[in-house]
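Novice: Here it is, the structure in full.
The values are calculated or read from the model by the stated rules, or taken from the named source; none is laboratory data. Computed from a predicted structure; not experimentally measured. FYI the Cβ positions are ideal-geometry reconstructions off the backbone, even for glycines, and counts take in every protein chain you see.
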């Protein structure tokens, strides 16, 4: 008898894997939004001949001279990787590595702009790598929850640490919301019409700050419980949609939301899927067969 | 839990993978905790950077812009930096990054690039950081409390 092993066995009990199909496809769209436009920077910041910087983190340019040809090759490699991930099946892991190689080669050659969405895409890719996402017909598959656990740890780190930084180091998040209001009028990230108006209304910016803080601090706990899991994810969807409307943070919101089908409790996701399954069978039988294998 | 459908495909986690998976989860958690700790103390080793998250947490009440001038023909000419260095992220241009604009070495490299790209055949490039207070609730951001911080003047070293 080995109790720890038994509990480990229970913890790794197979769960419904249908969410991974949607996660994979949403991840491809989000990664495409981050990676594909980089071709416009080739020659200027990627594979630049004259503006070659080396940062504390990225020292690629000390080792090699990245030319525009190298940058184009990396961009094509990353793009091909995205197509492979979209195709799925056995090509999926290869595609993830190709995307990571091409994308991070460009990021490292530029040296100073590894964005939050680049990092999050990579962490989600790691979770996908440990998931059953490469399989077809996941709608009828129950598989290891390891990939989902990895995803949860990553999102606990993101939301939990940003929430803790706000709570510990910036008092306005629990006060008048001025940190958020000043972000709304940032010349780079802000100046969206609704955000500019909201920045001048502390009675709205204050509660919005509180909502953000409470969501970020509660996420690490409520994500685990089946009863609270959909509600904290609903708060997350509102949070990211709000960000998309109010601030220019690139594809960050799309990247984060791509993981939500997997973060949703598998049984809740399965029930949700069950409610739309019948109508899908009648209206889109080909899609239903591809997803369900039935 | 609803019963599994008759055509369900069940793929259990192999015992060896459970242990390795648990170790992976623990390792990843320690990595993220370390990244949080170092980020909080602002002494981030490079290998922790991709695990540290603190987006938009600090209150920043000042706008920052960078302007550049080129000395050519005995006169200082304003340079259109977004035209010279066109690629832009949502965070702004490359020279907006704090670690770029506050590094003499990086600015020196960008200055040499500007010497060539400006097309003015300049003798020197001068960078200045402009900071002014953000105005809440306004689409117009007047340059109140404008502060001009000289970032450096760099001689164009290309063969002339």
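Novice: What's the number of the only condition in (1) more than 19 Å from the chain's Cα centre (by Cα); (2) surrounded by fewer than 17 Cβ atoms within 10 Å (Cβ to Cβ); (3) more than 14 Å from chain B (Cβ to nearest Cβ) that residue A:101 fails to meet?
Specialist: Single failed check for residue A:101: (1).
Novice: A further question on this structure: Checking residue A:134 against (1) in contact with a helix residue (DSSP H, G or I) (Cβ under 7 Å, 6 or more places away or on another chain); (2) surrounded by fewer than 21 Cβ atoms within 10 Å (Cβ to Cβ); (3) in a loop (DSSP other than H, G, I, E, B); (4) touching a residue at least 60 places away in the same chain (Cβ under 8 Å), only one condition comes out false. Which one?
Specialist: Only one criterion is unmet by residue A:134, namely (4).
Novice: I need every pair where a residue in the range B:8-34 that is more than 7 Å from every other protein chain (Cβ to nearest Cβ) has its Cβ under 8 Å from the Cβ of a residue that is assigned to a helix (DSSP H, G or I) and loosely packed, with under 15 Cβ neighbours inside 10 Å, sequence separation at least 6 or different chains.
Specialist: B:15/A:5; B:15/A:9
Novice: Name every residue in the range A:118-131 that is at the interface with another protein chain (Cβ under 8 Å from one of its Cβ atoms) and in a loop (DSSP other than H, G, I, E, B), in order of residue number.
Specialist: Correct list: A:130 only.
Novice: Only one of (1) out of contact with any strand residue (DSSP E or B) (no Cβ under 8 Å at 6 or more places or on another chain); (2) buried (at least 19 other Cβ atoms within 10 Å of the Cβ); (3) within 27 Å of residue A:113 (Cβ to Cβ) fails for residue A:250. Which number is that?
Specialist: Among (1) out of contact with any strand residue (DSSP E or B) (no Cβ under 8 Å at 6 or more places or on another chain); (2) buried (at least 19 other Cβ atoms within 10 Å of the Cβ); (3) within 27 Å of residue A:113 (Cβ to Cβ), residue A:250 violates only (1).
Novice: Here is a further query. On the given criteria, is residue A:93 more than 9 Å from every other protein chain (Cβ to nearest Cβ), without any contact (Cβ under 8 Å) to a residue 12 or more places away in the chain and part of a helix (DSSP H, G or I)? Quick ask: steps written out before the conclusion?
Specialist: On the way: more than 9 Å from every other protein chain (Cβ to nearest Cβ): yes; without any contact (Cβ under 8 Å) to a residue 12 or more places away in the chain: no; part of a helix (DSSP H, G or I): yes.
So residue A:93 fails the test.
Novice: Quick one: which of A:257, A:244 is free of Cβ contacts under 8 Å to residues at least 60 places away in the same chain and part of a helix (DSSP H, G or I)?
Specialist: None of the other options fit; the residue is A:244.
Novice: Turning to a different aspect of this structure: Do the conditions hold for residue A:210, that is, is it surrounded by fewer than 21 Cβ atoms within 10 Å (Cβ to Cβ), in contact (Cβ under 8 Å) with a residue 40 or more places away in the chain and not assigned by TED's automatic domain parsing to the domain that holds residue A:116?
Specialist: It is false that residue A:210 is surrounded by fewer than 21 Cβ atoms within 10 Å (Cβ to Cβ), in contact (Cβ under 8 Å) with a residue 40 or more places away in the chain and not assigned by TED's automatic domain parsing to the domain that holds residue A:116.
Novice: Scan the range A:159-172 for residues that are buried (at least 21 other Cβ atoms within 10 Å of the Cβ) and either within 7 Å of chain B (Cβ to nearest Cβ) or at pLDDT below 95 (or both) and jot them down.
Specialist: A:161, A:162, A:165, A:166
Novice: Mind listing whichever residues of the range A:5-57 are within 9 Å of chain B (Cβ to nearest Cβ), assigned to a loop (DSSP other than H, G, I, E, B) and closer than 30 Å to residue A:89 by Cβ?
Specialist: Residues satisfying the conditions are A:12, A:13, A:14, A:17.
Novice: Considering every residue within the range A:77-97, establish whether at least one is farther than 28 Å from residue A:127 by Cβ and either in contact with a helix residue (DSSP H, G or I) (Cβ under 8 Å, 6 or more places away or on another chain) or crowded, with 20+ Cβ neighbours inside 10 Å (or both).
Specialist: no
Novice: If you don't mind, another one. Looking at the range A:272-292, can you tell me whether even one residue there is in contact with a strand residue (DSSP E or B) (Cβ under 7 Å, 6 or more places away or on another chain) and either in a helix (DSSP H, G or I) or within 14 Å of chain B (Cβ to nearest Cβ) (or both)?
Specialist: no
Novice: Of all residues in the range A:173-192, which are more than 8 Å from every other protein chain (Cβ to nearest Cβ) and either without any contact (Cβ under 8 Å) to a residue 24 or more places away in the chain or more than 25 Å from the chain's Cα centre (by Cα) (or both)?
Specialist: Correct list: A:174, A:175, A:176, A:177.
Novice: Another question, if that's okay. Among the residues of the range A:137-157, which ones are within 7 Å of chain B (Cβ to nearest Cβ), surrounded by fewer than 23 Cβ atoms within 10 Å (Cβ to Cβ) and closer than 29 Å to residue B:6 by Cβ?
Specialist: A:140, A:141, A:142, A:144, A:146, A:149
Novice: Hey, among A:192, A:119, which residue is surrounded by fewer than 22 Cβ atoms within 10 Å (Cβ to Cβ) and assigned by TED's automatic domain parsing to the domain that holds residue A:23?
Specialist: Selected residue: A:119, the only one of A:192, A:119 that is surrounded by fewer than 22 Cβ atoms within 10 Å (Cβ to Cβ) and assigned by TED's automatic domain parsing to the domain that holds residue A:23.
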